[in-house]
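The values are calculated or read from the model by the stated rules, or taken from the named source; none is laboratory data. Note that the coordinates shown come from a computational prediction; the quantities given were computed from them, not determined experimentally. No Cβ is skipped: glycine too gets one built from the backbone with ideal geometry, and neighbour counts run over all protein chains shown. Surface areas here come from the heavy atoms of the whole protein model, side chains and all, with no ligands, DNA or RNA. Shrake-Rupley method; radii C 1.70, N 1.55, O 1.52, S 1.80 Å.
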Amino acid sequence: MMQKQKEVIDLLTFPYAWNLLSFSTDPPPRILKIALFVKKWPHRSRAGGLERHALTLHLALAKRGHELHIFTASPPNSSFPSYPFPNLVFHLSKPTSGGYLEQAVVWNQFQTQNLTGRPFDVVHTESVGLLHTRAKNVPNLAVTWHGIAYETIHSDIIQELLRTPEAQQASTMTERTAKVVEEVKFFPRYSHHVATSDHAGDVLKRIYMIPEERVHIILNGVDEEIFRPEPSQGNDFKQRLGISKSRSLVLGMAGRLVKDKGHPLIFEALKQIFMENKEFQQSVTVLVAGDGPWGARYKELGSHILVLGPLEQAQLAKFYNAIDIFVNPTLRAQGLDHTLLEAMLTGKPVMATRVASITGSVIVGPEVGYTFSPSVDSLKTTLYRVWNDGRVVLEKKGKAARQRGMQLFTATKMAAAYERLFLCISKEEYCKHQNSR
């Protein structure tokens, strides 16, 4: 029997997602003192992708025993959550009027903690939680980008193409180009850069011209203990909503119900399909989880669309188990949407807009789902294809989606990759990795 060969990889120049690598699940070789700057800590179900990433990752690192100091804004009207980890310490401060961290205040807090006990082994900032004016003086720092200006140009083009004649033309195109130039100038002040998608990693190296040994791709991950196949919970969820077993298909959408998440687009596609095909309308149920202005609009399409409001994670897991396919019509080309990953881990196929971050990292082929161009016609064509494929095909794609999700998109995978990056930043000896071929 042939033994697996081990190849030694220099992690700092590894060009692909670190989620592809296998890291030890043993206790860490050393306990790190980690500082995190994040402008807002998530509160219950009302959290964006950046906040959810911060929560999932840093709770996982706390469970691994690392000492974490979180520098974040105090919530305006609610109590701050508590966690059963004495090694997880929060340093709160009043945010600016724009909702950002007051840089002078958090920097003073950081300096105090850096001089207390031992200095920080690594400093992590979620996007510009710590501004480049401060970050340029911190060599052991890593920034995770959840969207960069170059990616948003694609979003702007989509929005302009979808603009109705009576709507005012946005002036963002020129502004966005100037923003890209600004980012290209200040991004190098951050020592290490984490891209949350393969596409973003490529842009940081090619367009932003950051040396490859300072750019690391670590795909987002979600809690695999929460998001997993539980068919009985899905059936109970449908039963409570009064969805009959005769329904041939249940589509699901989740997240913020706003324009740039593509809800006007799918609203129009569903409206047209319901008008032209009564059989589709009678056999399909659409579940919409989340809040935003488009929640009320969906109710106009009739009783086959159920708007559930925002759901806590446990309820969201039941929601995913209740659907046959998850649909994400986003018009935002930046970041890597957590909802797609949650659906895949629950064993559901996914259908999403054909943007580079999604096609490059998530829906890499038809075996896990479907992609469409951001137009009503393309979306309608894809919805009809899903309907015609039916449950048997969708279940097969769902199994493939879960397999890919478990390989790449678990919180455990993500946390292991970040832990190793932080160890590598703190001490060069951890930058070499033996990987089985």
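Return yes when LYS271 is open to solvent by 10 Å² or more (accessible area, probe 1.4 Å), touching a Leu at 6+ places or on another chain (Cβ under 7 Å), of a type in the set (Lys, Arg) and farther than 26 Å from ARG402 by Cα and no when it is not.
Yes.
Restricting to segment 128-145, and then to whatever is touching a strand residue (DSSP E or B) at 6+ places or on another chain (Cβ under 7 Å) and not in a strand (DSSP E or B), can you tell me which residue is surrounded by the most Cβ atoms within 10 Å (Cβ to Cβ)?
LEU130
Can you tell me which residue among ILE226, ILE148 is touching a strand residue (DSSP E or B) at 6+ places or on another chain (Cβ under 9 Å) and not hydroxyl-bearing (Ser, Thr, Tyr)?
Going through ILE226, ILE148 in turn, just one is touching a strand residue (DSSP E or B) at 6+ places or on another chain (Cβ under 9 Å) and not hydroxyl-bearing (Ser, Thr, Tyr): ILE148.
I need every pair where a residue in segment 374-402 that is closer than 16 Å to ALA269 by Cα has its Cβ under 7 Å from the Cβ of a residue that is of a type in the set (Phe, Trp, Tyr), sequence separation at least 6 or different chains.
Taking only residues 6 or more apart or on different chains, the pairs are SER378/PHE372; LEU379/PHE372; THR382/TYR370; THR382/PHE372; ARG385/TYR370; VAL386/TYR370; TRP387/PHE280.
So which residues in segment 31-77 are part of a loop (DSSP other than H, G, I, E, B) and either open to solvent by less than 20 Å² (accessible area, probe 1.4 Å) or in contact with a Ser or Thr (Cβ under 8 Å, 6 or more places away or on another chain) (or both)?
LEU32, VAL38, LYS39, LYS40, TRP41, PRO42, HIS66, SER74, listed by residue number.
Among the residues of segment 401-437, count how many are of a type in the set (Ser, Thr, Tyr) and assigned to a helix (DSSP H, G or I).
4
Do the conditions hold for SER426, that is, is it among the polar types (S, T, N, Q), open to solvent by less than 10 Å² (accessible area, probe 1.4 Å) and touching a residue at least 60 places away in the same chain (Cβ under 8 Å)?
Answer is no for this residue.
Can you pull out every residue in segment 103-127 that is in a loop (DSSP other than H, G, I, E, B) and within 26 Å of THR56 (Cβ to Cβ)?
Across segment 103-127, the qualifying residues are PHE120, ASP121.
Quick one: how many residues across segment 285-306 are under 15 Å from GLY242 (Cβ atoms) and crowded, with 19+ Cβ neighbours inside 10 Å?
Counting residues in segment 285-306 that are under 15 Å from GLY242 (Cβ atoms) and crowded, with 19+ Cβ neighbours inside 10 Å gives 4.
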